[in-house]
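Read the structure below first, then the notes.
Values quoted throughout were computed directly from the atomic coordinates according to the rules given, and no laboratory measurement underlies them. All figures in this text were calculated on a predicted structure; none of them were measured in a lab. Cβ sites come from the backbone with ideal geometry, for glycine too, and all protein chains shown count toward neighbours.
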Amino acid sequence: MSIRVRPGTVADAPDIARVHWESHRTTYTEPGLVRRDVVEAWTMRDRVMAWTTHLAIAEGVFPPPEGFRRMSIHVAEVDGRVVGWANTSDGRDADAPRAIELEGLYTLAEVHGTGVGPALLDAAIGDRPAYLWALEVNPRAHAFYRKHGFELDGATKWDDRWQVAEVRFVR
C-alpha cells in the first residue's frame, strides 16, 4: 500500500466530509459512544460546506469569517482515494497548554493499522508540542496518541454538541 499525504485543497471538501461522516459512524455511533441522531444531525451537506470554507480559508482564498479559524489541513490518499485527514490550528481554548491544537485526525476503518494515521500525524505536527481533545471513552484513540508521545494532562470538558465528556492530551 502506498500512502500519500499532502495539503488539502478546496476540491477535497467532499472527500474529507465523506471520511468524516464514515469515521464518526464507525468510531462513535456503532460502538454506542455518541447517539446516532446527534452525529447525523450534522448532515453531509453541512459537512461539505464547512470543509469547503475551512479549505478555502487555509488556501488563502479569503480571511476567516466570524466563527472560523485558519487551519492547516492534510489529506491521506491510498491509490488516489482520500482515506483520512488531519487538521491543526492555533487552538480553540483560551487556556491552551500548547501553541498547536490537533483538532482532528480521522481515517477510514479499512486503513486502521496501515500507517495512515501516523503519516497524517507526522504531516500535521511532526515532532512539535501540541494538544488535542479526545472522547473520554475511546480506547483506540487514547492508545494511538499515547504511542505518539501524548499524555493526559488532567483537563476534562463536556461537549454539548456531542453530549460526551472529553479529555485533553498534550505532548
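Of note:
- In this Cβ point-charge picture (+1 for Lys and Arg, -1 for Asp and Glu), the stretch 86-171 has a dipole of about 200 debye about its Cα centre.
- Lys, Arg +1 and Asp, Glu -1 on Cβ, resulting dipole of the chain about Cα centre, debye, nearest 20: 180
- Computed from backbone phi with θ = phi - 60° and the Karplus coefficients 6.51, -1.76 and 1.60, the 3J(HN,Hα) list for the stretch 159-171 is 9, 5, 5, 8, 6, 9, 7, 10, 10, 9, 10, 9, 9 Hz; x is used for glycine and proline.
- For the stretch 68-126, the list of trypsin sites (Lys or Arg not before Pro) that fall in a loop by DSSP and count at most 11 other C-beta atoms within 10 angstrom reads ARG92.
- Cβ crowding within 10 Å ranks ASP79, ASP15 as ASP79, ASP15, fewest other Cβ atoms first.
- Applying 0.36 nm per residue to the separation of ASP160 and LEU33 and subtracting their alpha-carbon distance, the gain on full extension is 44.3 nm.
- For the chain: relative contact order, % (alpha-carbon pairs under 8 angstrom, 6 or more apart): 21
- Taking 0.36 nm per residue of separation and subtracting the Cα-Cα distance, full extension of the segment from PHE68 to ASP93 would add 7.6 nm.
- Three-way shape label, the stretch 3-129, alpha-carbon gyration tensor, a/c 1.5: rounded
- Of GLY80, THR114, PRO14, farthest towards positive along the dipole that unit charges on Lys, Arg, Asp, Glu beta carbons give the stretch 1-143: GLY80
- Footprinting exposure proxy for ILE73, ILE100 (fewest neighbouring C-beta atoms within 10 Å first): ILE100, ILE73
- For the stretch 72-120, the relative contact order comes to 36 percent (Cα pairs under 8 Å, sequence separation of at least 6).
- When each full DSSP H helix of the chain is screened for a Cα extent of at least 27 Å along its own axis and an average Kyte-Doolittle hydropathy of at least 0.0, none passes.
- Counting neighbouring Cβ atoms within 10 Å and putting the fewest first, the residues GLU110, GLU101, GLU22 line up as GLU110, GLU22, GLU101.
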